[in-house]
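Enquirer: Before I ask anything, here is the structure I am working with.
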Amino acid sequence: MDETNLRNLSPLDGRYHDKTKESREIFSEESLINKRLTVELKWLKFFIKNFRKDLVKKSDFKKLDSLLKKLPKNLPLKVKEIEKTTNHDVKAVELALGEKFKQKEFKNLIHIFLTSEDVNSFSYAIMMKEVQNASLNWVQGVISILNKMRTKYADLAMLSKTHGQPASPTTLGKEINVFKTRLEREIKTMKRLQARAKWGGATGNYNVHQLVFKKNWVTMSRKFLKESEVELCEVSTQIEPHDFMAEQFNSMQRISNILLDLSRDIWTYISMDYFKLKVLKSEVGSSTMPHKVNPIDFENAEGNLGLSNALFSHLSEKLPVSRLQRDLSDSTVLRSIGSAYGYFELSVNSLLKGLNKLEANRAIIGKELDGKYEILTEAIQTFLRLEGVVEPYEKVKKISRGNAMDKETYLKIIDELIVDKSHKKTLKNLTPQTYVGIAEELAKL
């Protein structure tokens, strides 16, 4: 960390600077300016090729292509300098680009037919596409580790806990696979989401467009945006209504909640000694208790998932609502999208680090399951039902509820209550370790 990072207001750019690189590359001010510059240039080229073909052979058209291939590194700084005078960020982009062209015809056509929100809408659509792909990669990293764990521990019988109390056994691999399959389902949902932008001018009606050129502007706009794999929002006000963003934020919330659930469960398993954490000699668990090895990665993930969720929730509720044809309250909120994804990226990095430190404590898991014969009473009462016994559940409940049960007591109950010999044999051969149903198969689905 350098001295500059020490002075940053947000921990995403300070303490966690190195752990939020991808989000920063997508949503930084520099990135937003570069996307606006690119959108303006793409539209200028599209407009010239469709409406002013006489300019294609001009020298500045080559300059246009050159800028599209590679923007000057100092151009965003130039934009910010101009913005000090204009107090308008998109106008500053237009003026900065104007300085790059010598011919008046090109200067005059920059930003033609556009409103600022056309440029912003397209720019944010591109950013949302980029962060969608990045998010899918982050989550896939978690899925990859869970995939290894569910296979490794597919047959490791484990005592379940419902309401914090002993319940029918499962396997550790199957419980890990619950999270893997949930994440995979949500990834499929997110992949279907499409970025959209509006391109209809001041109030979405192509007013000046149609006045100057009698064209099918919806078709032309769709064609222009499709070149960047962005869908056209055909009917809009001055702004794209941000519904597609809300869909993506809601999907991110669901993914965050799954990861939050995973973090808390792993934390609890660690506290139960079901998992051991690999010890790094250089790390300190407590400033006063030298023995401590704390699950800090899962706690960090939990805290930052809460922050990202809070932001995703506000973004999805706020952005689709705008007064009449447009108010500006969405503009400042849009700038916090990067923070939401930054906290999410940080959470995933912490979660990945924590998951890579885990090793199942087979001895403790096995010991906790040993002797828990009371969890087999579900099987006893089920066979009693099959034998036609009156009030089978109540009979077993009276004997077992709230009481620990060893093997001897369990076998005695079978002899007293079960009549059918095959049922007796099945139940007597049953142990807490083998009473896992098809959990091993489910772990491998």
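Enquirer: How many residues, within region 85-105, are small (Gly, Ala, Ser) and surrounded by 19 or more Cβ atoms within 10 Å (Cβ to Cβ)?
Expert: 2
Enquirer: Let me ask you something else. Test residue 68 against the stated conditions and say whether it is farther than 30 Å from residue 348 by Cα and part of a helix (DSSP H, G or I).
Expert: yes
Enquirer: So is residue 188 under 30 Å from residue 227 (Cα atoms), free of Cβ contacts under 8 Å to residues at least 12 places away in the same chain and under 15 Å from the mean Cα position of the chain (by Cα) or not?
Expert: yes
Enquirer: Please go through region 103-146 and give me each residue that is farther than 20 Å from residue 305 by Cα and under 18 Å from the mean Cα position of the chain (by Cα), ordered by number.
Expert: 124, 125, 126, 127, 129, 130
Enquirer: Can you confirm whether region 385-394 contains a residue that is surrounded by 20 or more Cβ atoms within 10 Å (Cβ to Cβ) and not small (Gly, Ala, Ser)?
Expert: Looking for residues that are surrounded by 20 or more Cβ atoms within 10 Å (Cβ to Cβ) and not small (Gly, Ala, Ser), one finds none in region 385-394, hence no.
Enquirer: Next question, about the same structure. Being in a helix (DSSP H, G or I), under 30 Å from residue 156 (Cβ atoms), at pLDDT below 90 and of a type in the set (Val, Ile, Thr), is that true of even one residue in region 384-396?
Expert: yes
Enquirer: Given the condition touching a helix residue (DSSP H, G or I) at 6+ places or on another chain (Cβ under 8 Å), on the phi < 0 side of the Ramachandran plot and not hydrophobic (A, V, I, L, M, F, W, C), answer yes or no: does some residue in region 126-133 qualify? Give the derivation first.
Expert: In the first step, residues of region 126-133 are kept if they are touching a helix residue (DSSP H, G or I) at 6+ places or on another chain (Cβ under 8 Å); the result is 126-128, 130-132.
Next, only the ones that are on the phi < 0 side of the Ramachandran plot stay: 126-128, 130-132.
Imposing the further condition that a residue be not hydrophobic (A, V, I, L, M, F, W, C) reduces the set to 130, 132.
Yes, some residue in region 126-133 is touching a helix residue (DSSP H, G or I) at 6+ places or on another chain (Cβ under 8 Å), on the phi < 0 side of the Ramachandran plot and not hydrophobic (A, V, I, L, M, F, W, C).
Enquirer: Related question: Just one of 302, 391, 317 is over 30 Å from residue 119 (Cβ atoms), among the acidic types (Asp, Glu) and within 32 Å of the chain's Cα centre (by Cα); which is it?
Expert: Result: 302 is the single residue among 302, 391, 317 that is over 30 Å from residue 119 (Cβ atoms), among the acidic types (Asp, Glu) and within 32 Å of the chain's Cα centre (by Cα).
Enquirer: Which one of the conditions (1) under 13 Å from the mean Cα position of the chain (by Cα); (2) modelled with pLDDT under 95 does residue 285 fail to meet, given that it meets all the rest?
Expert: (1) is the only condition that residue 285 fails.
Enquirer: Go through region 405-440 and report how many residues are part of a helix (DSSP H, G or I) and over 28 Å from residue 173 (Cβ atoms).
Expert: Residues flagged as part of a helix (DSSP H, G or I) and over 28 Å from residue 173 (Cβ atoms) within region 405-440 amount to 14.
Enquirer: Provide a single number: the residues in region 3-28 that are of a type in the set (D, E, K, R), out of contact with any Lys or Arg (no Cβ under 8 Å at 6 or more places or on another chain) and closer than 30 Å to residue 97 by Cβ.
Expert: Adding up the residues that qualify gives 4.
Enquirer: Tell me which residues, restricted to region 400-429, are of a type in the set (Gly, Ala, Ser) and exposed (fewer than 11 other Cβ atoms within 10 Å of the Cβ).
Expert: Residues of region 400-429 that are of a type in the set (Gly, Ala, Ser), as a first pass: 400, 402, 404, 422.
402, 422 - these are the residues of region 400-429 that are of a type in the set (Gly, Ala, Ser) and exposed (fewer than 11 other Cβ atoms within 10 Å of the Cβ).
Enquirer: So residue 212 clears everything in (1) touching a strand residue (DSSP E or B) at 6+ places or on another chain (Cβ under 6 Å); (2) farther than 30 Å from residue 264 by Cα except one condition, right? Which one?
Expert: (1)
Enquirer: Additional query: Quick check on region 326-337. Is at least one of its residues crowded, with 18+ Cβ neighbours inside 10 Å and closer than 30 Å to residue 296 by Cα?
Expert: For region 326-337, residues crowded, with 18+ Cβ neighbours inside 10 Å and closer than 30 Å to residue 296 by Cα: present.
Enquirer: Here's a follow-up. Looking at region 83-97 only, could you name the residues that are among the hydrophobic types (A, V, I, L, M, F, W, C) and either part of a loop (DSSP other than H, G, I, E, B) or closer than 15 Å to residue 29 by Cα (or both)?
Expert: Within region 83-97, the subset among the hydrophobic types (A, V, I, L, M, F, W, C) is 90, 92-93, 95-97.
The answer is 90, 92, 93.
Enquirer: In addition: Among all residue pairs at least 6 apart or on different chains, which show Cβ distances below 7 Å where the first residue, located in region 85-100, is under 17 Å from residue 35 (Cβ atoms) and in contact (Cβ under 8 Å) with a residue 24 or more places away in the chain and the second is among the basic types (Lys, Arg) and buried (at least 20 other Cβ atoms within 10 Å of the Cβ)?
Expert: What qualifies is 90/36; 93/36.
Enquirer: While we're looking at this one, here's another question. When you go through 358, 376, 351 one by one, which is the residue that is over 30 Å from residue 297 (Cα atoms), among the hydrophobic types (A, V, I, L, M, F, W, C) and crowded, with 19+ Cβ neighbours inside 10 Å? Walk me through how you get there before you give the answer.
Expert: Values: 358 fails: over 30 Å from residue 297 (Cα atoms); 351 fails: over 30 Å from residue 297 (Cα atoms).
Sole residue among the options that is over 30 Å from residue 297 (Cα atoms), among the hydrophobic types (A, V, I, L, M, F, W, C) and crowded, with 19+ Cβ neighbours inside 10 Å: 376.
Enquirer: Moving to a separate point now. Which residue, of 30, 22, 3, is within 27 Å of residue 341 (Cα to Cα), surrounded by fewer than 17 Cβ atoms within 10 Å (Cβ to Cβ) and under 29 Å from the mean Cα position of the chain (by Cα)?
Expert: 30
Enquirer: To continue, here is another question. Taking region 355-399, which residues are without any contact (Cβ under 8 Å) to a residue 40 or more places away in the chain, among the hydroxyl-bearing types (Ser, Thr, Tyr) and within 30 Å of residue 275 (Cβ to Cβ)?
Expert: Once the filter is applied, which keeps residues that are without any contact (Cβ under 8 Å) to a residue 40 or more places away in the chain, among the hydroxyl-bearing types (Ser, Thr, Tyr) and within 30 Å of residue 275 (Cβ to Cβ), region 355-399 yields only 377.
Enquirer: Quick one: which residue in 219, 268 is exposed (fewer than 15 other Cβ atoms within 10 Å of the Cβ), over 22 Å from residue 334 (Cβ atoms) and among the β-branched types (Val, Ile, Thr)?
Expert: Exactly one residue qualifies, and that residue is 219.
The values are calculated or read from the model by the stated rules, or taken from the named source; none is laboratory data. Quick caveat, the model's predicted, so the values are computed rather than measured. Here Cβ is always computed from backbone atoms with ideal geometry, including for glycine, and neighbour counts include all displayed protein chains.
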